[in-house]
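The values are calculated or read from the model by the stated rules, or taken from the named source; none is laboratory data. It should be emphasised that the depicted structure is a prediction, and the values quoted were computed from it without experimental measurement. Positions of Cβ are backbone-derived with ideal geometry, glycine not excepted, and every protein chain shown enters the neighbour counts.
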Amino acid sequence: MKARETLHLLILGGTAEARALADAAHARFVERLRVTTSLAGRTSAPKIPEGALRRGGFGGATGLADYLGAAQVDLVIDATHPFATQITAAAQTACRARNVPLLALARPRWRAQSDDRWIEVADAAEAASILPKLGRRAFLTIGQRGIAAFAPVSGVHFLVRLIEPPAAPLPLRSHEILLGRGPFTLEDERRIMQRHAIEVLIAKDSGGEAIAAKLEAARLLRIPVVMLRRPEHAPGAGAASTEDALRWIAAKLEDP
Ligand code: NAP
């Protein structure tokens, strides 16, 4: 990497962790680091981090590699969601091609407690196949992607939580949509599950510092959770927290 007065950090974002990292990096290294956050552009009114912002896809690994060169990016931190596998793979390929250091900011997995009833599944299709045995009223909290896998399910009413209204009608036989953007409190989640007489919760193993309130509510209400397993990513340099990532940036600033 070429030694320069200021380094340019690209954060691949779309998560609360990415935003917190952008804010913290901007505040801590303000004179020596230029921070740009990249968002896929899926939500119309995202929460905006400190620093510069770009929105929209790059056009695969090649497009991202071109961007790294054109924008003179010195460092990349992949702080995308654990289920965002395409952008993570593209970042690995593009950073290797451009010889740009890459760090993945990985959230810790959630761990079930002894009184949790979690049924781990490989994907949404497996979740759909076991659902009718678990309950007739399901709370679907996996975002827009993967909903189509539940289209063949009959005899189950879905409460589908989304951040924004879907662009097209959902392909579910019986459902209602609940719009909302987290974080939610335990009380919020418990109230929703009780009001809608939820019998089973479907969630992704997104992970995080704290257990999600919906999982705590399911535990208290003794509701089973169908948990979509996290995709495996190729190993590489990883950080488990904002502080870890800030230390990595500091080391690069000392010795680019
Ligand atoms: P994905 O499958 O890995 O990515 C699909 C395509 O979206 C990528 O190939 C890329 O387009 C573009 N893209 C994704 N993240 C981008 C970013 N940060 N900046 C610029 N382009 C990006 O990802 P996804 O699952 O659709 O998720 C999209 C975004 O939502 C991610 O940024 C992720 O952090 C966030 N998110 C995802 C989930 C989830 O459950 N998947 C949950 C919460 C938030 P090009 O190929 O054109 O470059």
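Tabulated data for the structure shown
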item	result
Residue match in the range 61-78 (condition: farther than 19 Å from W248 by Cα and under 17 Å from the mean Cα position of the chain (by Cα))	no
Residue count for the range 39-67, restricted to those that are out of contact with any Phe, Trp or Tyr (no Cβ under 8 Å at 6 or more places or on another chain), within 12 Å of the ligand (Cβ to nearest atom) and not in a loop (DSSP other than H, G, I, E, B)	9
Members of the range 191-215 found to be assigned to a helix (DSSP H, G or I) and either within 23 Å of the chain's Cα centre (by Cα) or not charged (D, E, K, R) (or both), listed by number	I192, M193, Q194, A213, K214, L215
Condition check for R34: part of a strand (DSSP E or B), more than 9 Å from the ligand (Cβ to nearest atom) and either in contact with a His (Cβ under 9 Å, 6 or more places away or on another chain) or not polar (S, T, N, Q) (or both)	yes
Filter result for I163 (β-branched (V, I, T), surrounded by fewer than 19 Cβ atoms within 10 Å (Cβ to Cβ), modelled with pLDDT under 95 and not assigned by TED's automatic domain parsing to the domain that holds F83)	yes
Residues being of a type outside the set (D, E), more than 6 Å from the ligand (Cβ to nearest atom) and crowded, with 16+ Cβ neighbours inside 10 Å - total across the range 68-87	7
The listed residue being assigned to a strand (DSSP E or B), touching a residue at least 12 places away in the same chain (Cβ under 8 Å) and either touching a helix residue (DSSP H, G or I) at 6+ places or on another chain (Cβ under 9 Å) or within 12 Å of the ligand (Cβ to nearest atom) (or both), out of L131, L103	L103
